[in-house]
Amino acid sequence: MYTTMLRRAAFGTGSVTYAADFLLVGGGGGGGGGLTSNYATGGGGAGAIQYAAAYSVTTADSFSIAIGAGGAGGTGGGSATNGSPGSDTTCTAMSTAAGGGFGARGIGSQVNGGNGGCGGGANGAPSGTGGVGSVGFNGGAWSTTGSNEPYRGGGGGGMGSVGAPGNNGTGNGGTGVSYFGSTYAGGGGAGSYYSPGGSGGSSIGGTGGYAGTAGTAGSAFTGSGGGGGGTSSGNVASSGGNGADGVVVIRYAGAQVGTGGTITSDATYTYHTFTTSGTFTA
């Protein structure tokens, strides 16, 4: 409180330096699209998180913010896409947060999950592997556990845990992590032939579909992966859910000083939340 009062008193009388926390979340990967009854789809991996605590800023410093877009879910056995990286190119403590890896499509052959900030899940074909997470966890792999392994894909990796493999459970997405009272970067659940599809990590990753229903998108502006599309008999096409766009949140103690983004405050902090690209001015 004492340092905050000093900063407020000095503001307007010259250049003032204060500490701000920067949270950067990349876009989540899309969930795989389903087609064949066997070889179910993988969930999308979450976008990476970069966090800089107590980064020193000076009044009138300018920070360029770019929001990472979520990857598109696959349609009808088509490939999903990785999420796009988010960036804050003028914060020297961090520069970019990678997008999440795509979930594998459900076709009659092995497809591995995409590599990304967190890896996407594999499809249900034998020996498929989850994508590798460069910052977060890997996507779930095909599994030999249980009698129905071909019918369940792997969950997308999250920033809190690996995506679950496709076995007699379901390929649930990896968990997210919490900052500033909110949870970000959960993996998408895998698609399935059976009910239910995989659960999205931390309830923010997209849910996997089943029996031909579509996967759902990751929760908005959390960088979470999309759920894989559900597979069914008769080669009924299904769509994977889109990955969620990322977000940038900047926080500092005390009343508002900077500008940019959507500005909120509580009894302790001011928050600048960016869901579209823009500029934070300290």
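Scanning the range 231-260 for residues that are within 26 Å of the chain's Cα centre (by Cα), part of a loop (DSSP other than H, G, I, E, B) and closer than 26 Å to GLY44 by Cβ gives THR231, ALA237, GLY240, GLY241, ASN242, GLY243, ALA244, ASP245, GLY246. Among the residues of the range 243-258, how many are exposed (fewer than 13 other Cβ atoms within 10 Å of the Cβ) and either touching a residue at least 60 places away in the same chain (Cβ under 8 Å) or touching a His at 6+ places or on another chain (Cβ under 8 Å) (or both)? Result for the range 243-258: 1. Within the range 31-53, residues that are modelled with pLDDT of 95 or more reach partners that are of a type in the set (S, T, N, Q) and part of a loop (DSSP other than H, G, I, E, B) with beta carbons closer than 6 Å, at six or more positions or on different chains, in the pairs GLY32/THR41; GLY42/ASN123; ALA46/SER224.
Checking each residue in the range 215-232 for being in contact with a Phe, Trp or Tyr (Cβ under 8 Å, 6 or more places away or on another chain) and either at pLDDT 95 or above or polar (S, T, N, Q) (or both) picks out THR222, GLY223, SER224, THR231, SER232. The listed residues are SER224, SER219, SER233, and the only one of them that is of a type in the set (Ser, Thr, Tyr), under 24 Å from MET94 (Cα atoms) and out of contact with any His (no Cβ under 8 Å at 6 or more places or on another chain) turns out to be SER224. Against the condition touching a helix residue (DSSP H, G or I) at 6+ places or on another chain (Cβ under 6 Å), surrounded by fewer than 24 Cβ atoms within 10 Å (Cβ to Cβ) and either under 30 Å from ALA20 (Cα atoms) or hydroxyl-bearing (Ser, Thr, Tyr) (or both), how does THR213 come out, does it pass? For THR213, the condition - touching a helix residue (DSSP H, G or I) at 6+ places or on another chain (Cβ under 6 Å), surrounded by fewer than 24 Cβ atoms within 10 Å (Cβ to Cβ) and either under 30 Å from ALA20 (Cα atoms) or hydroxyl-bearing (Ser, Thr, Tyr) (or both) - is not met. When restricted to residues that are under 9 Å from GLY121 (Cβ atoms) and touching a Cys at 6+ places or on another chain (Cβ under 9 Å), the range 185-200 contains 1. Annotation note: of THR213, THR183, the sole residue that is of a type outside the set (Gly, Ala, Ser), free of Cβ contacts under 8 Å to residues at least 60 places away in the same chain, out of contact with any strand residue (DSSP E or B) (no Cβ under 6 Å at 6 or more places or on another chain) and not in a strand (DSSP E or B) is THR213. Could you say whether any residue in the range 223-230 is in contact with an Asp or Glu (Cβ under 9 Å, 6 or more places away or on another chain) and either assigned to a loop (DSSP other than H, G, I, E, B) or not hydroxyl-bearing (Ser, Thr, Tyr) (or both)? Scanning the range 223-230 turns up at least one residue that is in contact with an Asp or Glu (Cβ under 9 Å, 6 or more places away or on another chain) and either assigned to a loop (DSSP other than H, G, I, E, B) or not hydroxyl-bearing (Ser, Thr, Tyr) (or both). Just so you know, in the range 168-210 the residues that are crowded, with 24+ Cβ neighbours inside 10 Å and among the aliphatic types (A, V, I, L, M) include one that is modelled with the lowest pLDDT, and it is ALA190. Selection of first residues in the range 90-106 that are without any contact (Cβ under 8 Å) to a residue 60 or more places away in the chain and of second residues that are surrounded by fewer than 17 Cβ atoms within 10 Å (Cβ to Cβ) and outside any loop (DSSP other than H, G, I, E, B), restricted to Cβ pairs under 7 Å at least 6 apart or on distinct chains, gives the following pairs, ordered by first then second residue: THR90/SER62; THR90/SER64. Of the residues contained in the range 266-279, one or more are found to be part of a loop (DSSP other than H, G, I, E, B), among the hydrophobic types (A, V, I, L, M, F, W, C) and free of Cβ contacts under 8 Å to residues at least 60 places away in the same chain. Within the range 107-114, the presence of a residue that is at pLDDT 85 or above, closer than 30 Å to ALA19 by Cβ and assigned to a loop (DSSP other than H, G, I, E, B) is excluded.
The values are calculated or read from the model by the stated rules, or taken from the named source; none is laboratory data. Quantities reported herein were computed from a predicted structural model and do not represent experimental measurements. Here the Cβ is made from the backbone with ideal geometry for all residues, glycine too, and neighbour counts use every protein chain on show.
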